[in-house]
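The values are calculated or read from the model by the stated rules, or taken from the named source; none is laboratory data. Computed from a predicted model, the values in this text were never measured in an experiment. Cβ: placed from backbone, ideal geometry, glycine included. Neighbour counts: every protein chain shown. For accessibility, only protein heavy atoms count, side chains too; no ligands or nucleic acids. Shrake-Rupley method; radii C 1.70, N 1.55, O 1.52, S 1.80 Å.
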Amino acid sequence: MNTKAKKSNKGAWAMTIISGIILVFLTIFLPEGFWLGLPTFFGGLVMAMDWV
């Protein structure tokens with residue numbers, strides 16, 4: 001029987017949105033820092049979409 005508990009992903013979505021905003025600002029003002037924001041953005045996206 002598949003009884004997967006439903007958990008809240010609000011924190012993961014918040015992390016994804018905030019890191020996405022930071023990623024945009026890094027791209028605009030410090031282009032070489034673009035790569036620094038990618039792990040947090042995609043990590044938050046994976047947790048928010050419940051792919052883990």
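A few notes on this one:
- Count - residues of the stretch 29-42 that are in contact (Cβ under 8 Å) with a residue 12 or more places away in the chain and surrounded by 13 or more Cβ atoms within 10 Å (Cβ to Cβ): 3
- Any hit, the stretch 4-21, residues being aliphatic (A, V, I, L, M), free of Cβ contacts under 8 Å to residues at least 40 places away in the same chain and not in a helix (DSSP H, G or I): yes
- Being open to solvent by 60 Å² or more (accessible area, probe 1.4 Å), in contact with a helix residue (DSSP H, G or I) (Cβ under 9 Å, 6 or more places away or on another chain), modelled with pLDDT under 95 and on the phi < 0 side of the Ramachandran plot is a property that does not hold for L26.
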